Amino acid sequence: MIVMPALRHAAAGAAALLLALPVPAASAAAVAEPTPPARSFVDPARLDRSGTQVQPLRGAPELPSVSALSWLVADAGTGEVLAARNAHRPLPPASTLKTLFALTALPHHAPDERHTVRDEELEGIGEGSSMVGVKEGFTYKVSDLWNGVFLSSGNDAVHVLAALNGGWESMTKQMQEKARSLGARDTRVVSPDGYDAPGQVSSAYDLAVFGRAGLQDPQFTRYCSTAYADFPAGGWSYGIVNTNRLLTGADGVARYPGLIGVKNGYTSNAGNTLVAAARRGGRTLVVSVMNPQGGGGFSVYEEARELLDWGFDAWGRVQPVGSLKPTKDLRKAPGTAPSPESVQAQAQSQSRAQTQDQAKAQAKAGPGTGAGVQAAAAGGHGAAKDAAPSGGASGLPLALVGSALGAALSLWLWRRFGARGN
């Protein structure tokens, strides 16, 4: 039959045409990076604004009314800030600064290491400081000293541990460097134990950064979540209790379910401060509260409780307003939206690489070879998949391919049968 040879010739022509056509390429934006979910993008500059920052979605619970000068609620896992008020306002941190002290000094000495305290190591402790009862001439394990720091907020224990890590001035510089490495730029360290000192400040943002970082260290987490411990005193010991009432339920403050820690503080200049973390339903939140203006001395715990409750209820129903991750980590994180400049630069770089690959393939195949044949010879199906060609022909519509095949078939039929009719 005449039709079958015609179809065979058309099929052969179609195969040749398809081989010569370039493989459609994705758009520049798609090549660079897929568009992330909207809620993954965070704007670090938003937390620089004064006042309350929150982006509720449908069904989000209303924020509690708290009196603290500054506070923040964040997801300890992802670092996303769910809500905050005056997050970067510089305020005296009191003993919550001991979280930064622990982050800096903890890795340098094993818990079972023993140290005999010298008299000079206890010099310079501020008047009215909280103490755990460290005595010169007594030998303590490093873990005992850390229990004194976290449970009793002992400035005497801080002074001894600082001496083990280069001394008071060196510890101050180390803590400042550690804060900067974590992206905490509001903190200025003057006295490593958090004792009031001119110019010493931190912020709700920085304290939350320190709390979140501490939760990633098993030693830090163990100390900050310990409610009771025995403290040695020569041939005997006495019990010490964590002063974080949310953890122990002391003084009429109800324990918070799932509380991990982290650290509370108080000075006459700073007022009450608190970094708290809790876990519920597989999620961990960290909150920081600085200097409540209402209620009594325990209002810092009740305001932290309200913020934790809100954070767990608001999970998935608010857009993040910032992140506890350093800005450099935000740029690298896969969940953040790339800038238009980075997308364009990446697309241009890939386009140049693809052009170079095609040039190499053409040189290898030799002169006079069609572009599509060269690509097939150079890499077969794998090359076509891994290095899609660029240029005006890329992404050629299939409708155009069909039109070309139809025209080729019509021309063949005219040449084969049209001559007989003339």
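The values are calculated or read from the model by the stated rules, or taken from the named source; none is laboratory data. Please read all numbers here as calculations on a predicted model, not as lab measurements. Ideal geometry is used to build each Cβ from the backbone, glycine not excepted, and the neighbour counts take in all protein chains shown. Surface accessibility is based on the protein's heavy atoms, side chains included, excluding ligands, DNA and RNA. Shrake-Rupley method; radii C 1.70, N 1.55, O 1.52, S 1.80 Å.
Checking residue 309 against (1) over 24 Å from the mean Cα position of the chain (by Cα); (2) open to solvent by 50 Å² or more (accessible area, probe 1.4 Å): exactly one of these is not met. Which one? Status for residue 309: all satisfied but (1). None of 225, 202 is open to solvent by 40 Å² or more (accessible area, probe 1.4 Å), among the hydroxyl-bearing types (Ser, Thr, Tyr), farther than 17 Å from residue 133 by Cα and modelled with pLDDT of 95 or more except 225. Looking only at the range 105-128, residues that are at pLDDT 95 or above and among the small types (Gly, Ala, Ser) come to 2 in all. Among the residues making up the range 43-60, a single one is under 22 Å from residue 291 (Cβ atoms), assigned to a loop (DSSP other than H, G, I, E, B) and among the charged types (D, E, K, R): 49. Please determine, by comparing only the residues of the range 152-199 that are within 24 Å of residue 127 (Cβ to Cβ), out of contact with any helix residue (DSSP H, G or I) (no Cβ under 7 Å at 6 or more places or on another chain) and hydroxyl-bearing (Ser, Thr, Tyr), which one is most open to solvent (accessible area, probe 1.4 Å). The selected residue is 170. When the strands (runs of 3 or more DSSP E) confined to the range 61-124 are screened for residues that are open to solvent by less than 10 Å² (accessible area, probe 1.4 Å) and of a type in the set (A, V, I, L, M), those reaching at least 1 such residues are found at 68-75, 80-85.
Listed by first and then second residue, the pairs with beta-carbon distance under 9 Å, at least 6 apart or on different chains, first residue in the range 73-99 and more than 20 Å from residue 266 (Cα to Cα), second open to solvent by 10 Å² or more (accessible area, probe 1.4 Å) and of a type in the set (Asp, Glu), are 74/80; 79/329; 81/75; 82/75.
Filtering the range 67-81 down to residues that are of a type in the set (Val, Ile, Thr) and in contact with a strand residue (DSSP E or B) (Cβ under 7 Å, 6 or more places away or on another chain), which residue is farthest from residue 285 (Cα to Cα)? Result: 81. When the range 187-223 is limited to residues that are in contact with a Ser or Thr (Cβ under 6 Å, 6 or more places away or on another chain) and among the charged types (D, E, K, R), the one that is farthest from residue 277 (Cα to Cα) turns out to be 196. Just need a number here: residues in the range 238-266 that are open to solvent by 20 Å² or more (accessible area, probe 1.4 Å) and closer than 23 Å to residue 87 by Cα. So the count comes out to 3.
Take the conditions (1) more than 24 Å from residue 147 (Cβ to Cβ); (2) touching a Leu at 6+ places or on another chain (Cβ under 8 Å); (3) hydrophobic (A, V, I, L, M, F, W, C); (4) in contact (Cβ under 8 Å) with a residue 40 or more places away in the chain; residue 312 misses just one of them, which is (4). Under the condition of being modelled with pLDDT under 95 and hydrophobic (A, V, I, L, M, F, W, C), which residue from the range 228-248 is farthest from residue 136 (Cα to Cα)? Checked the range 228-248; the qualifying residue farthest from residue 136 (Cα to Cα) is 236.
Checked across the range 192-211, the condition of being within 23 Å of residue 119 (Cα to Cα), in contact with a strand residue (DSSP E or B) (Cβ under 9 Å, 6 or more places away or on another chain) and free of Cβ contacts under 8 Å to residues at least 40 places away in the same chain holds for no residue. Among residues of the range 274-285 that are hydroxyl-bearing (Ser, Thr, Tyr), those with a Cβ under 8 angstrom from a residue that is surrounded by 17 or more Cβ atoms within 10 Å (Cβ to Cβ), sequence gap 6+ or separate chain, pair up as 284/75; 284/76; 284/215; 284/260; 284/277; 284/278.
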